[in-house]
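These notes are about the structure you will find just below.
Bear in mind that the values in this text are calculations on the coordinates, not laboratory data. Because the structure is predicted, anything quoted here is derived from the model rather than measured. Positions of Cβ are backbone-derived with ideal geometry, glycine not excepted, and every protein chain shown enters the neighbour counts.
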Amino acid sequence: MHAKNLEARRDPYSLLTINGGSSSIRFALFDVGVPLRRLLDGKVDRIGLSGTNLTCKDATGQSQSSRSHTIDASDRHSSVGFLLDWLEMQQAFASVKAVGHRVVHGMKHSEPERVTPELLDELHRMMPYDPDHLPLEIELIEAFRQRHPGLPQVACFDTAFHRTMPRVASLLPIPRRYEAAGVRRYGFHGLSYEFLMEELTRLSDPAAATKGRAILAHLGNGASLAAVSDGKSIDTSMGFTPASGLVMSSRSGDLDPGLVSYLARTEQMSAAQFQEMVNHRSGLLGLSETSSDLRDLLARESGDVRAAEAVALFCYQAKKWIGSFAAALGGLDTLVFAGGIGENAALIRERICGGLGFLGIKLDPKRNAKNAPLISADGGLVAVRVIRTDEEIMIARSVLRVLGLTHGTEVPEPGVHVAG
């Protein structure tokens, strides 16, 4: 279906966004109006584990109702099949005219692209670069192509935002022949960072202006930070894979590479076992030995030294990344917290920012406790903001752009669309 055919339609239509992770699939259905409005918002989680579950919210103005479905399947293939079966049973699915996918690894791609057989072949070749995410993302794309071959699909690459990093920030200090094979620092969470920069522009924040300097902290199960100058990424904490950088819920973050050979010698650990350990059994989970959830660890830290040390390391490393990025930027105008932890954990924000007064960072305790949009103290040199990120709406906007549409292409009679 060509973009011009979509534009010629007079009836309302919707866009579906798919955000496949290592063990979950988020999805959202957007009514294409001004502005885009969510009709459905949900997630399939615990893929590959017992108790795979689908949860969904219906948007009905200000009120929302939730539904939960237990899936009788725990593997990737059956979870994808279940999701498509469930979506096709929803009345709103009949209006879907395009699907946008978050694709974690995009290598040299710097813009969203319409899915073609050639792009799919390339994604298959890229699979060794991201074995935790790409297999599920590719299977989702192929499943839609098989069931709905006429439905346009758009791939939105999470690495694209960081394609502006200077060469010195993307190089890895290993033999140069590996660079030709694509081994370099890429960075991730790009869709979230793109959304945060659009929000800073909307807020007329100086960090979004020419020569503006921002540090963006996407802190969730996966966590990273980005240094942005003149609206462009100049550095980020994640590198070749999403397992690098800051300590995360179950990912290790940066490690001494000598650990690979040490564990191979002492425990006969294979490369596959090491990959599984650093992605799924390390980070906060590995340090605490009890939970990968910072909320659990904060509740236990007074009586459990393991929980306390896991929390302390998370905050300490985030503080160090902020300091190093401020140096790379030559100063700082705005610090943004986003992601599940960044948006909701006031105590974590307080501990990360503690001691950063020399950079001009000073929090207002009352604002911080309320998760206010602006949590910095009046008169502070650095604006510290809390912004609820939205990767799904960035995917939807990318679909509209790639297919040559605008939000107002097919707006129904006044009063039908409400602000989301």
Can you tell me the dipole magnitude for the stretch 186-386 around its Cα centre, using point charges on the Cβ only (Lys, Arg +1; Asp, Glu -1), in Debye to the nearest 20?
-> 340
The local net charge around Ala312, scoring Lys/Arg +1 and Asp/Glu -1 for residues other than Ala312 whose Cβ lies under 10 Å from its Cβ, equals -1
Give the long-range amide H neighbours of Ile234: residues separated by 5 or more places, or on another chain, with amide H under 5 Å away, using H modelled in the peptide plane at 1.01 Å from N.
-> Ala227, Val228, Ser229
Please report, for the Cα atoms of the stretch 243-349, the Rg to one decimal and the Dmax as a whole number; what are they, in angstrom?
-> 15.6, 48
Rg(Cα) of the stretch 186-386 divided by 2.2 N^0.38 Å?
-> 1.05
If you place +1 on the Cβ of every Lys and Arg and -1 on the Cβ of every Asp and Glu, how big does the dipole about the Cα centre of the stretch 86-226 come out, in debye to the nearest 20?
-> 540
So what are the ³J(HN,Hα) numbers for the stretch 138-147, from phi and the Karplus equation (6.51, -1.76, 1.60; θ = phi - 60°), rounded to whole Hz, Gly and Pro as x?
-> 5, 4, 5, 4, 5, 5, 5, 4, 5, 7
Return a whole-number percent for the relative contact order of the chain, with Cα pairs under 8 Å and 6 or more residues apart as the contact set.
-> 17
What is the Cα coordinate range of the chain on the first, second and third principal axes, sorted by size from largest, in whole angstrom?
-> 57, 57, 46
Mind computing the radius of gyration and Dmax over the alpha-carbon atoms of the stretch 146-209? Å is fine for both.
-> 17.0, 47
Which of Leu123, Leu285 comes first, and how do the rest follow, when ranked by fewest Cβ neighbours within 10 Å?
-> Leu285, Leu123
With both partners inside the stretch 186-386, how many of the DSSP beta bridges are antiparallel, as a percent to the nearest 5?
-> 60
What are the ³J(HN,Hα) values, in whole Hz, obtained from phi via the Karplus relation 6.51 cos²θ - 1.76 cosθ + 1.60 with θ = phi - 60°, for each residue of the stretch 298-304 in sequence order, with x given for Gly and Pro?
-> 5, 5, 9, 4, 5, x, 9
Rule-of-thumb Rg ratio for the stretch 363-407 [Cα; 2.2 N^0.38 Å; N residues] = 1.78
Per the charge dipole of the chain (beta-carbon charges, Lys/Arg positive, Asp/Glu negative, Cα centre), the residue among Ala207, Gly187, Leu134 reaching farthest to the positive end is Ala207
Once you charge only the Cβ atoms, +1 for Lys and Arg and -1 for Asp and Glu, what is the size of the charge dipole of the chain about its Cα centre, to the nearest 20 debye?
-> 800
Lysines whose Cα lies under 21 Å from that of Lys43, excluding same-chain neighbours fewer than 8 positions away | Lys57, Lys97
May I ask what percent, to the nearest 5, of DSSP beta bridges between residues of the chain are antiparallel?
-> 70
Looking at the stretch 186-386, how many pairs of lysines come closer than 18 Å at the Cα, when each pair is eight or more places apart or spans two chains?
-> 4
